[in-house]
1. Can you tell me which residue is surrounded by the fewest Cβ atoms within 10 Å (Cβ to Cβ) among those in the stretch 149-176 that are at pLDDT 90 or above and of a type in the set (Lys, Arg)?
2. Sort through 100, 118, 140 and tell me the only one that's assigned to a loop (DSSP other than H, G, I, E, B) and either outside the structural domain of residue 199 (by TED's automatic domain parsing) or under 17 Å from the mean Cα position of the chain (by Cα) (or both).
3. What pairs come out if I take residues in the stretch 40-58 that are surrounded by fewer than 17 Cβ atoms within 10 Å (Cβ to Cβ) and pair them with residues that are among the acidic types (Asp, Glu) whose C-beta lies under 6 Å away, six or more apart or interchain?
4. So which of 235, 181, 225 ends up being at pLDDT below 80, in a helix (DSSP H, G or I) and of a type in the set (Gly, Ala, Ser)?
5. Answer yes or no as to whether residue 146 is buried (at least 18 other Cβ atoms within 10 Å of the Cβ), under 19 Å from the mean Cα position of the chain (by Cα), more than 20 Å from residue 30 (Cα to Cα) and assigned by TED's automatic domain parsing to the domain that holds residue 57.
6. Consider the stretch 103-115. How many of its residues are touching a His at 6+ places or on another chain (Cβ under 9 Å) and either assigned to a loop (DSSP other than H, G, I, E, B) or farther than 20 Å from residue 34 by Cβ (or both)?
7. Being under 21 Å from residue 43 (Cα atoms) and over 15 Å from the mean Cα position of the chain (by Cα) is true for just one of 184, 204. Which residue is that?
8. Given the conditions (1) part of a helix (DSSP H, G or I); (2) more than 23 Å from residue 21 (Cα to Cα), which single one is not true for residue 176?
Amino acid sequence: MVLILYNYLMSYRKQNFAPGEFYHLYNRGTEKRTIFLDEKDCNHFLFLLYICNSIRSIEIRYLGENFDRKETIVDIGAYCLMPNHFHILIREKIDHGISKFMLKVMTAYTMYFNKKYKRTGKLYEGVFKSTHLNTDNYLKYMYSYIHLNPAKLKDTNWKKRRVWDRDLFDYVQNYKYSSFSEYEKDKFTILEPKEFPKYFRNPEEHKKELLEWFAFGINPGGNASGVASGVKHKSYARYDAPN
């Protein structure tokens, strides 16, 4: 009960989420601790992103193979799990949908994690963070920001380098715990891309956009897809926070 109350307070934040608007959500483990220790942890969180996106109350132990989510409460456009934090690109679909969704996901994962690792107490670093993506360029940029996040697992200084690294991009492309694979295969389970602007007509266009931003990150003096330099500096400064 204490854990549920805590996560309730952490999920129902002061910011109002407006139906039809887009947001970047992120949070990390308390004291920057690792919250995804192995493949099973990552897969369980991804499972929760799917199963908790429902108007129904969820009791995971009673779920069967034919579980019907019925109506969803949010639309997810991208996601990425890192060892000690996560990123979600999301659209408010119904009033309080994001808050309800995050309450279910955060509570369910904390209960799973604490039981598995025989621990108690909070798992996250307070209230999940959110940013309103209130311009078209900002929203489009967020796809690449989220999907390029795994690059820093291989090279923490990749944005400052001026040498093309094929192996690093391959690592990003093959990273199992981001939504890049859903776009590449053009098969969507967790995502609902039709509720987002159609920036990419096919998987190749999405990959091309990612490659441009990858090169842009390596060469800070460059540009990508006509995005203004002000967006570039603002975005990298803001979203490098979780480590």
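1. Going through the qualifying residues, I end up with 176.
2. Working: 100 fails: assigned to a loop (DSSP other than H, G, I, E, B); 140 fails: assigned to a loop (DSSP other than H, G, I, E, B).
Answer to the check: 118.
3. These pairs meet every condition: 55/71.
4. Numbers: 181 fails: at pLDDT below 80; 225 fails: in a helix (DSSP H, G or I).
Going through 235, 181, 225 in turn, just one is at pLDDT below 80, in a helix (DSSP H, G or I) and of a type in the set (Gly, Ala, Ser): 235.
5. Values: buried (at least 18 other Cβ atoms within 10 Å of the Cβ): yes; under 19 Å from the mean Cα position of the chain (by Cα): yes; more than 20 Å from residue 30 (Cα to Cα): yes; assigned by TED's automatic domain parsing to the domain that holds residue 57: no.
Considered against the rule, which asks whether it is buried (at least 18 other Cβ atoms within 10 Å of the Cβ), under 19 Å from the mean Cα position of the chain (by Cα), more than 20 Å from residue 30 (Cα to Cα) and assigned by TED's automatic domain parsing to the domain that holds residue 57, residue 146 comes out as no.
6. 0
7. Details: 204 fails: under 21 Å from residue 43 (Cα atoms).
Result: 184 is the single residue among 184, 204 that is under 21 Å from residue 43 (Cα atoms) and over 15 Å from the mean Cα position of the chain (by Cα).
8. (1) is the only condition that residue 176 fails.
The values are calculated or read from the model by the stated rules, or taken from the named source; none is laboratory data. Computed from a predicted structure; not experimentally measured. Positions of Cβ are generated from backbone atoms using ideal geometry, with glycine treated the same way; all protein chains shown enter the neighbour counts.
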